[in-house]
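Below: one structure, written as structure tokens.
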Amino acid sequence: MQLLRSLTVVFLIIVLLVTSGCTDTSPHLGAAPSATLSKTSAPSTVERVEVYHFHGNSQCTSCIAVGNLAEKTVNANFKVELASGKLVFAHINYDLPENVALATKYGVTGSSLWIGVYDANGFHKKEDTRVWSLIGNKDTYNFYLTGLISKRLNGDLT
């Protein structure tokens, strides 16, 4: 009897966990890019987008992964934008004296991935912290960061 009661409780917990996300209508990482990226009819006022992986002299495995996956994503999905200079990617060691001004401009306090956008309204920067939770799945990381950079290139700063 005790075993049956325990199995019933476990079954109910599993059912609740599985069905708890059924009402979520937000776009999911597994959705097709065209379903999650909106195109605007107005021309983009974006002049340049910078994607910088900031790191110190010593990097942990996760810090290296964030930077390497970002570089692979950018190089694989934005060849035209990189070639034209509209998109820039770099690994920046904030411990080096020649990088202090850039690290200060972005407000860097440690290993991080930042996206900066120059448009008609000036300069906008934002640290992307979500990438840290995605380093265990290269495809999900690639999909997420590709979508985010595409939004920035199209002038969407949300």
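In table form, for the structure just shown:
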| read-out | value |
| --- | --- |
| Subset tally (residues that are hydrophobic (A, V, I, L, M, F, W, C) and part of a helix (DSSP H, G or I)) for segment 72-109 | 9 |
| Residue among ASN154, ASN121, ASN75 that alone is in contact with a strand residue (DSSP E or B) (Cβ under 9 Å, 6 or more places away or on another chain), among the polar types (S, T, N, Q) and closer than 26 Å to THR45 by Cβ | ASN75 |
| Condition check for LYS126: without any contact (Cβ under 8 Å) to a residue 60 or more places away in the chain, charged (D, E, K, R), surrounded by 13 or more Cβ atoms within 10 Å (Cβ to Cβ) and under 22 Å from SER44 (Cβ atoms) | yes |
| Residue match in segment 146-155 (condition: under 15 Å from the mean Cα position of the chain (by Cα), of a type in the set (D, E, K, R) and farther than 15 Å from HIS55 by Cβ) | yes |
| Residue that is surrounded by 14 or more Cβ atoms within 10 Å (Cβ to Cβ), aliphatic (A, V, I, L, M) and not in a strand (DSSP E or B), where the choices are VAL117, VAL66 | VAL66 |
| Pairs, first touching a residue at least 24 places away in the same chain (Cβ under 8 Å) and closer than 24 Å to ASN57 by Cβ in segment 67-88, second among the polar types (S, T, N, Q) and assigned to a helix (DSSP H, G or I), C-beta under 8 Å, six or more apart | LEU69/ASN142; LYS72/ASN142 |
| Hey, LEU102 free of Cβ contacts under 8 Å to residues at least 60 places away in the same chain and buried (at least 17 other Cβ atoms within 10 Å of the Cβ) or not | yes |
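Residue by residue, here is whether (1) modelled with pLDDT of 95 or more; (2) in contact with a Lys or Arg (Cβ under 8 Å, 6 or more places away or on another chain); (3) within 22 Å of ALA101 (Cβ to Cβ); (4) polar (S, T, N, Q) holds:
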position: ALA42; (1), (2), (3), (4): no, no, no, no
position: ARG48; (1), (2), (3), (4): yes, yes, yes, no
position: VAL51; (1), (2), (3), (4): yes, no, yes, no
position: GLY67; (1), (2), (3), (4): yes, no, yes, no
position: ASN77; (1), (2), (3), (4): yes, no, no, yes
position: GLY85; (1), (2), (3), (4): yes, yes, yes, no
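The values are calculated or read from the model by the stated rules, or taken from the named source; none is laboratory data. Small disclaimer: the values here were computed from a predicted structure and weren't measured. We place every Cβ from the backbone using ideal geometry, glycine too, and count neighbours over all the protein chains shown.
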